[in-house]
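Here the structure comes first, spelled out in structure tokens, and everything after it is commentary.
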Amino acid sequence: MKYRKLGRTGLDVSLLGFGALEIGRNWPYWRREKEDFIRPSETDAIKVIHSALDQGINFFDTAPAYFQSEEILGKAFKGIRKNVLIATKCGEWFDGEKSVYNYSYSETKKFIENSLKLLRTDYIDLLQIHSANADIIRNGETLAAMKDVQKEGKVRFIGLSTDFEDAALLAIESKEYDSIQISHNAINLLMSKNVFPLAQKSNIGIIIKDGMARGMLSPKYSDIADSKQKETIEQLMKIAQKNDLTLSELAISYVISSLIVSSVIVGTKKIEHLYSNVSVIQRPLLSHDTLNAIAELNL
């Protein structure tokens, strides 16, 4: 495993982070009719988590919205809490059927206390606002609760997770957040133009989610209904083959080839997929020609 600094936090996070969504909640949503939509048993999930630890992964990303994820991680980390870095979130939770959102001061504190209980810990390494939009950043109520809990020693660092460029830019400009978790992959380069350079200038840690486009940059792409999207991915497959990579390996290689990226969060339910993902970290970064070819596909 390789490690990079998470911006100004000084934390050394594994370049490949473990996304705990798939072990706690049925996923991905666009494959409801497929066998791999169902989450693994708790026993199998813990085996995957321990395999991740064995591979040198120390950064685990979870959330109340990932249903049973926090509880499973809490059990898996029994006796080894100090060996891992846990990032969780607040503002969104899953009731078994749908996501529910509440970013108020009082509910944010409830989120945090419940996460601490489920994770069986007395502190969270990185607390992030989940699905943050610009209005939530401007309002500041969620941040105020996070800051107060941070003063109590229950949270070390503060960040946010967002799909919106304006929210990411506002957060960076506020200087209140230590990290941002944003969507970025070989078919979605939106954040790389403005958010990446501003975050780097402010020494804000960049965590990448959706590096595999929620499973679309994997063999699952064959089930995609959108013909244009599918055509783009097929072109990526050709680029992958030229580099002696699978589509999934190209997806990870593409993200980590940006040196300002601290960690890419990749979720998996299977140990063999985990090993394959980790092996990519040991390969050389993609060449400028390959990166340019991917960029051209997104024009």
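Bear in mind that the values in this text are calculations on the coordinates, not laboratory data. Please read these numbers as outputs of a predicted model, since none were measured by experiment. Glycine gets a Cβ as well: all are built from the backbone with ideal geometry, and neighbour counts include every protein chain shown.
Among the residues in region 166-181, are any of a type in the set (Gly, Ala, Ser) and free of Cβ contacts under 8 Å to residues at least 12 places away in the same chain?
Checked region 166-181: no residue is of a type in the set (Gly, Ala, Ser) and free of Cβ contacts under 8 Å to residues at least 12 places away in the same chain.
Every residue in region 116-140 that is out of contact with any Gly (no Cβ under 6 Å at 6 or more places or on another chain) and crowded, with 24+ Cβ neighbours inside 10 Å, please. Spell out how you get there, then give the answer.
Here is the first cut: in region 116-140, the ones out of contact with any Gly (no Cβ under 6 Å at 6 or more places or on another chain) are 116-117, 121-125, 127, 131-140.
Of everything in region 116-140, those that are out of contact with any Gly (no Cβ under 6 Å at 6 or more places or on another chain) and crowded, with 24+ Cβ neighbours inside 10 Å turn out to be ILE124, LEU127, ALA132, ILE137.
Can you tell me which residue is surrounded by the fewest Cβ atoms within 10 Å (Cβ to Cβ) among those in region 46-84 that are without any contact (Cβ under 8 Å) to a residue 60 or more places away in the chain and among the acidic types (Asp, Glu)?
Across region 46-84, the extreme among qualifying residues is ASP54.
Going by what's in this entry, would LYS238 be described as of a type in the set (Lys, Arg) and in contact (Cβ under 8 Å) with a residue 12 or more places away in the chain? Talk me through it step by step, then tell me what you get.
Numbers: of a type in the set (Lys, Arg): yes; in contact (Cβ under 8 Å) with a residue 12 or more places away in the chain: no.
No: the conditions fail for LYS238.
Every residue in region 109-136 that is in contact (Cβ under 8 Å) with a residue 12 or more places away in the chain, among the basic types (Lys, Arg) and in a helix (DSSP H, G or I), please.
As a first pass, look at region 109-136 and keep what is in contact (Cβ under 8 Å) with a residue 12 or more places away in the chain: 109, 111-112, 114-116, 118-134, 136.
When the remaining residues are screened for being among the basic types (Lys, Arg), the result is 109, 120.
Within region 109-136, just LYS109 meets the criteria.
In region 223-258, how many are assigned to a helix (DSSP H, G or I) and either under 20 Å from LYS209 (Cα atoms) or among the polar types (S, T, N, Q) (or both)? Talk me through it step by step, then tell me what you get.
Initial filter on region 223-258 (assigned to a helix (DSSP H, G or I)): 223, 227-242, 247-256.
Now drop any that are not either under 20 Å from LYS209 (Cα atoms) or among the polar types (S, T, N, Q) (or both), which leaves 227, 229, 232-233, 235-236, 241, 247-256.
Within region 223-258, residues that are assigned to a helix (DSSP H, G or I) and either under 20 Å from LYS209 (Cα atoms) or among the polar types (S, T, N, Q) (or both) number 17.
Any residue at all in region 155-177 that's buried (at least 23 other Cβ atoms within 10 Å of the Cβ) and of a type in the set (S, T, N, Q)?
yes
Among residues belonging to region 260-299 that are assigned to a loop (DSSP other than H, G, I, E, B) and among the polar types (S, T, N, Q), point out the one that is surrounded by the most Cβ atoms within 10 Å (Cβ to Cβ).
Here is the first cut: in region 260-299, the residues assigned to a loop (DSSP other than H, G, I, E, B) are 260, 268-270, 282-287, 298-299.
Then keep just the ones that are among the polar types (S, T, N, Q); that gives 268, 282, 287, 298.
Details: THR268: 22, GLN282: 8, SER287: 11, ASN298: 12.
The qualifying residue surrounded by the most Cβ atoms within 10 Å (Cβ to Cβ) is THR268.
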